[in-house]
Amino acid sequence: MQQPPISDYGFLSDSRSGALVGRDGSVDWWCPSRFDGASVFGRLLDPSAGHFRVAPVGAGGPGHRVERAYRPDTLVLRTVHHTPHGSVAVTDALAAEIGARAHELGMHSPAVLIRVVEGLSGRVRMALDFAPRPEYGLLTPYLHEQPDGGVLAGAGPVVLVLHVGGLSLRADRDRVTQEFEVSAGQVVGMDVAFGDTYGDPPARLDPVATLAETTRAWEAYRETHTYSGRYPDLVRHSATVLTGLTYARSGAVAAALTTSLPERIGGDRNYDYRFSWLRDFSLTMRALWVAACPDETSRLFAWAARSIGRIGDEPVPVLFGVEGERDLSEHNCTHLRGYHGSQPVRIGNDAWRQRQLDVPGEVVSAVWRLRDYLGTTFEEELREMVLGLTEQVAGTWHLPDRGMWETRDEERHYLSSKVLCWLTMDRAVGLADRLGERADPRRWAAVRDEIRDAVLRDGWNDRIGAFTGAFGSAELDASALILPVAQFLPATDPRMRSTIAMVERELGTEDGLIRRWTTDPAGFLLCSFWLVECLVMTGEPTRAEELFERVVGYANDVGLFSEQIDLATGAQLGNTPQALSHVGLINAAWRLTEPESH
């Protein structure tokens, strides 16, 4: 089986977990317990790792055409198949709890996949292929036909129950394959409900009524948020994607839905992104605030404070599980072929073990951004976290680390890490009056100034006329674009202007994509959006707007971004949907709206 392009997939979410459904009608990824749980459909990473396909018989042949779109302000996806015999719509969603509204979405998700088939014209013969393979394809379940016409699939800790309205399903040894016809005006609802073998039974829902409820839940959620800036449709949709990547019970935002989608087809930089990164914290906070989601920002902050816990001598991990788990030890799924043969397939992410000195800066700057919202007197946990992070940076900023790109070779003195250390100390000085008697703003200011001097002295390379990726290096790195975004230097500073021009010339493409470094095989979407912000801040709004509109053109047909773009083909690469890409879009749109925004 030829695996579809990454851009073929649409994203479904119940703010507990997510699923990917292709243009061909196949759900090829679903981890129903939670975002970083084991998959029951995993064909995304191996043709034999499970799927659930519903599509016209002969789909993909002559005369077959597909159109699809989300219902406005939702992650309810409607796919229309036009065939020589008629047209049919398949609407897919992960079910919301009945009656859930606004910020209740995802709190008590029933873990049910809904698929509703509606005949639009003619008479179309449909094919159903249900082949669950729990635990990333390690398990082949037993299938049992049920008295009510459904099929129960059970293996290991997982139970799945499939129902299709009006059909008595027939189970083969390891799958359900069945055909049925749909005429104009006819509606067939189906659902797959997840449960634990030794827990409560899977939920039983009316799929048609539940689809309507789920649509209304998403619409009500978006009605509680407003955005008055430029590109409102793009910003609202990206904010909806971020909501879909939010684990509602804790407020954590998963970096992406998937694991091990490669940065280069056939390459080995394939990592598990289904966790929540503190590095993304400040950028995500800013994006949520811009998109008028204050409740989400406060919940995300509370999750971080609780996840970090009391701070000791060990570096604070850059990432946690969506319920605050710290140990995310990595292992390889050697039984999976990987996306287009890209191996290894990794579960877990050993970056949690790395020293990454930029992490405290992301958290403390987020506290600074929310300071008025958090009150003039901080709660003990918040106060202790800020004090602990600040003192840790004061004692360790001079050490090498792995940097924001989480390299797995030697540690270096990365420029971006030092800038974020500076940001930690600068924001802590500004927060000192809320941190109690242990605050030491005078000493913190001295450390801040020492870091600044080091960055300006050792981060600048006279020979190439730019800030480089690491102290003493001559290698350009797009992470230098964060200096004006973090307010370390104004974009109009001559050194910054030179750096921006160098990055655009040496790391950029004609289509506006920016690579992270010269040998990076793909354009990194977040860096492209950083360049948009920098151009606005240098007083070039027209160029910034043109670049923004070129970059957003790399979204797929339903407005989703992965992490990177192949420079030769324009194809999406890396894990998807990627939170930071959508965060970058929101922040760039707001910068185009309010050039002086921080």
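Within the range 240-253, not a single residue is at positive phi and either aliphatic (A, V, I, L, M) or open to solvent by 10 Å² or more (accessible area, probe 1.4 Å) (or both). Given the condition surrounded by fewer than 20 Cβ atoms within 10 Å (Cβ to Cβ) and under 19 Å from the mean Cα position of the chain (by Cα), answer yes or no: does some residue in the range 191-200 qualify? For the range 191-200, residues surrounded by fewer than 20 Cβ atoms within 10 Å (Cβ to Cβ) and under 19 Å from the mean Cα position of the chain (by Cα): absent.
Taking the range 161-180 as the range and being loosely packed, with under 14 Cβ neighbours inside 10 Å and outside any loop (DSSP other than H, G, I, E, B) as the test, only Glu179 passes. Residues in the range 490-536 that are closer than 20 Å to Arg591 by Cα, out of contact with any strand residue (DSSP E or B) (no Cβ under 9 Å at 6 or more places or on another chain) and part of a loop (DSSP other than H, G, I, E, B): Pro490, Ala491, Thr492, Asp493.
Within the range 537-560, the residues that satisfy the criterion of being within 21 Å of the chain's Cα centre (by Cα) and assigned to a loop (DSSP other than H, G, I, E, B) are Gly553, Tyr554, Ala555, Asn556, Asp557, Val558, Gly559, Leu560.
Counting only residues that are open to solvent by 10 Å² or more (accessible area, probe 1.4 Å), more than 18 Å from the chain's Cα centre (by Cα) and of a type outside the set (D, E, K, R), how many does the range 21-50 have? Final tally of qualifying residues: 2.
In the set (1) in contact with a helix residue (DSSP H, G or I) (Cβ under 7 Å, 6 or more places away or on another chain); (2) aromatic (Phe, Trp, Tyr); (3) outside any helix (DSSP H, G or I), the condition left unmet by Tyr221 is number (3).
Scanning the range 296-352 for residues that are among the β-branched types (Val, Ile, Thr), out of contact with any strand residue (DSSP E or B) (no Cβ under 7 Å at 6 or more places or on another chain) and buried (at least 18 other Cβ atoms within 10 Å of the Cβ) yields Thr297, Ile308, Ile311, Val316.
Only one of the numbered conditions (1) open to solvent by less than 30 Å² (accessible area, probe 1.4 Å); (2) within 30 Å of Ala474 (Cβ to Cβ); (3) of a type in the set (A, V, I, L, M, F, W, C) is not met by Ala432, and that is (2). Exactly one of (1) touching a strand residue (DSSP E or B) at 6+ places or on another chain (Cβ under 8 Å); (2) assigned to a loop (DSSP other than H, G, I, E, B); (3) over 24 Å from Leu160 (Cβ atoms) is unmet by Arg68. Its number? In the conditions (1) touching a strand residue (DSSP E or B) at 6+ places or on another chain (Cβ under 8 Å); (2) assigned to a loop (DSSP other than H, G, I, E, B); (3) over 24 Å from Leu160 (Cβ atoms), Arg68 misses (2) alone. Taking every residue in the range 368-383 that is outside any loop (DSSP other than H, G, I, E, B) and pairing it with any residue that is open to solvent by less than 100 Å² (accessible area, probe 1.4 Å) and among the aromatic types (Phe, Trp, Tyr), at least 6 positions away or on another chain, the pairs with Cβ-Cβ distances below 8 Å are Leu374/Phe301. Looking at this structure, is Glu475 touching a residue at least 12 places away in the same chain (Cβ under 8 Å), closer than 14 Å to Thr518 by Cβ, open to solvent by 50 Å² or more (accessible area, probe 1.4 Å) and not in a helix (DSSP H, G or I)? Answer is yes for this residue. With respect to being within 28 Å of the chain's Cα centre (by Cα) and within 14 Å of Ala480 (Cβ to Cβ), Leu415 fits the description. Annotation: Arg222 fulfils all but one of (1) open to solvent by 10 Å² or more (accessible area, probe 1.4 Å); (2) under 19 Å from Thr74 (Cα atoms); (3) of a type in the set (Lys, Arg); the unmet one is (1).
Restricting the range 404-428 to residues that are of a type in the set (D, E, K, R) and outside any helix (DSSP H, G or I), the residue that is farthest from Asn270 (Cα to Cα) is Arg412. If you go through the range 328-335 one residue at a time, do you hit one that is modelled with pLDDT of 95 or more, among the small types (Gly, Ala, Ser) and in a loop (DSSP other than H, G, I, E, B)? Within the range 328-335, one or more residues are modelled with pLDDT of 95 or more, among the small types (Gly, Ala, Ser) and in a loop (DSSP other than H, G, I, E, B).
Picking from Arg133, Arg125, which residue would you name as being open to solvent by 10 Å² or more (accessible area, probe 1.4 Å), touching a His at 6+ places or on another chain (Cβ under 9 Å) and not in a strand (DSSP E or B)? Among Arg133, Arg125, only Arg133 is open to solvent by 10 Å² or more (accessible area, probe 1.4 Å), touching a His at 6+ places or on another chain (Cβ under 9 Å) and not in a strand (DSSP E or B). If you go through the range 68-91 and keep only what is of a type in the set (A, V, I, L, M), within 21 Å of the chain's Cα centre (by Cα) and buried (at least 17 other Cβ atoms within 10 Å of the Cβ), you end up with Leu75, Val76, Leu77. Here the range 381-401 is the region considered, the condition is being open to solvent by 60 Å² or more (accessible area, probe 1.4 Å) and of a type in the set (D, E, K, R), and the residue that is modelled with the highest pLDDT is Glu391.
The values are calculated or read from the model by the stated rules, or taken from the named source; none is laboratory data. Please read these numbers as outputs of a predicted model, since none were measured by experiment. Reconstructed Cβ throughout: ideal geometry from the backbone, glycine too, with neighbour counts over all protein chains shown. Accessible surface areas use protein heavy atoms only, side chains included; no ligands, DNA or RNA. Shrake-Rupley method; radii C 1.70, N 1.55, O 1.52, S 1.80 Å.
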